[in-house]
1. Give the share of C-alpha pairs in each 5 angstrom bin for region 26-159, from 0 to the last occupied bin, in whole percents, shortest bins first.
2. For a quick check of your reading of the filter: which trypsin sites (Lys or Arg not before Pro) in region 1-107 sit in a DSSP loop and have no more than 14 other Cβ atoms within 10 Å?
3. Over the chain, what per residue volume does the convex hull of the Cα atoms give, in whole Å³?
4. Could you work out the helix-only [θ] at 222 nm for the chain, with each DSSP H run of four or more residues adding -39,500 (n - 2.57) and the total divided by the number of residues, to the nearest 500 deg cm²/dmol?
5. For helix 185-195, report the angle its Cα long axis makes with the longest principal axis of the Cα atoms of the chain; keep it between 0 and 90° and round to the nearest 10°.
6. Only loop residues by DSSP count here, and only those with at most 15 other Cβ atoms within 10 Å; note down the trypsin sites (Lys or Arg not before Pro) in region 141-229 that meet that.
7. At a 1.4 Å probe radius, which order do HIS55, HIS60, HIS122 fall into by accessible area, largest first?
Amino acid sequence: MKKYVAESFGTFWLVLGGCGSAVLAAAFPNVGIGLLGVSLAFGLTVLTMAYAIGHISGCHLNPAVSVGLWMGGRFPANQLLPYIVAQVIGAIVAGGVLYLIASGKAGFDVAAGFASNGYGEHSPGGYSLLSALITEVVMTMMFLLIILGATDARAPAGMAPVAIGLGLTLIHLISIPVTNTSVNPARSLGVAVYVGDWALAQLWLFWLAPIIGAVLGALIYRFIGSPDE
């Protein structure tokens, strides 16, 4: 049970820190952190939680990562569903806390996006469904390669959280303009439930594409990372 609670708190921190930076700080007048700051915020949530709870739950914080680790032979199937449920609960609670904070400002309008992921007219840069699909699949695939490689027993000890956190930062730097960056179905759901409407209608992509990407990343690493005979 402790590992599931840890996953909930870890995912809570990812959504509150990452989406919170986008909603509250990205465009703050004159001193906003911008896309670079939001990218760093997402990476820092994973970096800090990896050190805080990695030894308890493995610090997945992401249903796609859990699926990818299972496909990579690093995670038991019987814990997959409980992990995903814990992650989703943490994400939704974080979205609620962020909503309560953000709604304290006059003029707040959740329909403006609330850091939700989208494509077409709801893509930050107006990118198509196909562009969004390719982006989310490839970025999640690379994320799993980073995770599996950095946590390999042959990798430098203790450095995995740094590589994974910086990897997620880079992913956001690339893909925020396309989809607002998901690579994490729980992160997408955690804010979409408060936006409703288009965010929920487009949510399917941000579950499907990251999971496909995670499976591909796991299969690739199982091939390239397997010891030579």
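1. Result, from short to long distances: 2, 8, 12, 18, 21, 17, 12, 7, 3, 1, 0 percent.
2. Sites meeting the loop and neighbour criteria: LYS105.
3. 114
4. Numbers: 9 runs with 153 residues, N = 229.
So the helix-based figure for the chain works out to -22500 deg cm²/dmol.
5. In the chain, helix 185-195 runs at an angle near 20 degrees to the longest axis.
6. Here the trypsin sites (Lys or Arg not before Pro) that fit, given the DSSP loop and packing criteria, are ARG154.
7. HIS55, HIS122, HIS60
The values are calculated or read from the model by the stated rules, or taken from the named source; none is laboratory data. Everything numeric here is computed off the predicted structure, so don't read it as measured data. Neighbour counts are summed over all protein chains in view; Cβ atoms, including those assigned to glycine, are modelled from backbone coordinates with ideal geometry. Remember, those area values only see protein heavy atoms, side chains included, never the ligands or the DNA or RNA. Shrake-Rupley method; radii C 1.70, N 1.55, O 1.52, S 1.80 Å.
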